[in-house]
1. Just the residues that are out of contact with any strand residue (DSSP E or B) (no Cβ under 6 Å at 6 or more places or on another chain), outside any loop (DSSP other than H, G, I, E, B) and in contact (Cβ under 8 Å) with a residue 12 or more places away in the chain, please, taken from segment 105-119.
2. How many residues, within segment 14-32, are surrounded by 13 or more Cβ atoms within 10 Å (Cβ to Cβ) and at pLDDT below 50?
3. Right, residue 35: in a helix (DSSP H, G or I), surrounded by fewer than 16 Cβ atoms within 10 Å (Cβ to Cβ) and modelled with pLDDT under 95 or not?
4. Is at least one residue of segment 78-100 closer than 23 Å to residue 188 by Cβ, touching a residue at least 12 places away in the same chain (Cβ under 8 Å), in a loop (DSSP other than H, G, I, E, B) and touching a strand residue (DSSP E or B) at 6+ places or on another chain (Cβ under 9 Å)?
5. Would you confirm whether any residue within segment 124-134 is more than 13 Å from the chain's Cα centre (by Cα), assigned to a helix (DSSP H, G or I), within 21 Å of residue 49 (Cα to Cα) and modelled with pLDDT under 95?
6. Is it true that some residue in segment 145-161 is modelled with pLDDT of 95 or more, touching a helix residue (DSSP H, G or I) at 6+ places or on another chain (Cβ under 7 Å) and closer than 21 Å to residue 58 by Cα?
7. For a quick check of your reading of the model, give me the residue pairs whose first member lies in segment 164-178 and is on the phi < 0 side of the Ramachandran plot and outside any strand (DSSP E or B), whose second is modelled with pLDDT under 95 and buried (at least 17 other Cβ atoms within 10 Å of the Cβ), with beta-carbon atoms closer than 7 Å and at least 6 apart or on different chains.
């Protein structure tokens, strides 16, 4: 298939919409190249496994967090700990489930002791994140927290932009962006929980 030969050269060329099987192959190719190209070797060496993402490859919504934590590293899936449970609740409150959306992180390996990923680490993974977006072609990107937000709205403060929709251009791609608070922030600060839920509900309704 033409899209596979183009994709495996690492070029950003998608001139037709892929079917689900093709998307599965393309997403696996991204994961394979991250490993083959030894992206962030220091992180890779101490992590159990790569956490590429999880969910519906035909999703209208892609959630992007910062990096896997301990549970995610063990299971190989994003947002499986306490923050993931809150994300699930948010989806259920809007009559959705995880399989309706796609969930990933900017950084695909767990940083040691769950520290914040560095700017260099996030920059190394950004091209692969954008290729994931190319594969899925969602209606909107929902960033969770400041680490993913900074790639799409540099200099923006999450407290000023949460719950809004922006048209942005990143890496030559025109995207719709809806910044949300990170679920972990809503866990630590209970006042942010209703804001997170309300923001997601409002943006979801706007998409419809």
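The values are calculated or read from the model by the stated rules, or taken from the named source; none is laboratory data. The structure presented is a predicted model; accordingly, all values stated were derived computationally and were not measured. Virtual Cβ from ideal backbone geometry, glycine too; neighbours counted across all protein chains shown.
1. Answer for segment 105-119, where residues must be out of contact with any strand residue (DSSP E or B) (no Cβ under 6 Å at 6 or more places or on another chain), outside any loop (DSSP other than H, G, I, E, B) and in contact (Cβ under 8 Å) with a residue 12 or more places away in the chain: 112, 114.
2. To start, the set of residues in segment 14-32 that are surrounded by 13 or more Cβ atoms within 10 Å (Cβ to Cβ) comprises 14, 18, 22-27, 29-32.
Checking which are at pLDDT below 50 leaves us with 14.
Residues that pass the stated criteria total 1.
3. Numbers: in a helix (DSSP H, G or I): yes; surrounded by fewer than 16 Cβ atoms within 10 Å (Cβ to Cβ): yes; modelled with pLDDT under 95: no.
The answer is no for residue 35.
4. Within segment 78-100, one or more residues are closer than 23 Å to residue 188 by Cβ, touching a residue at least 12 places away in the same chain (Cβ under 8 Å), in a loop (DSSP other than H, G, I, E, B) and touching a strand residue (DSSP E or B) at 6+ places or on another chain (Cβ under 9 Å).
5. Within segment 124-134, the subset more than 13 Å from the chain's Cα centre (by Cα) is 124.
This time we only want the ones that are assigned to a helix (DSSP H, G or I), so: 124.
Remaining after also requiring within 21 Å of residue 49 (Cα to Cα): 124.
Keeping just the survivors that are modelled with pLDDT under 95 gives none.
Looking through segment 124-134, none of the residues is more than 13 Å from the chain's Cα centre (by Cα), assigned to a helix (DSSP H, G or I), within 21 Å of residue 49 (Cα to Cα) and modelled with pLDDT under 95.
6. Checked segment 145-161: no residue is modelled with pLDDT of 95 or more, touching a helix residue (DSSP H, G or I) at 6+ places or on another chain (Cβ under 7 Å) and closer than 21 Å to residue 58 by Cα.
7. Taking only residues 6 or more apart or on different chains, the pairs are 165/203; 178/203.
Let's see how each residue does on (1) surrounded by fewer than 19 Cβ atoms within 10 Å (Cβ to Cβ); (2) within 20 Å of residue 136 (Cβ to Cβ); (3) in contact with a helix residue (DSSP H, G or I) (Cβ under 6 Å, 6 or more places away or on another chain):
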residue	(1), (2), (3)
56	no, yes, yes
67	no, yes, no
113	yes, no, no
118	yes, no, no
121	no, no, no
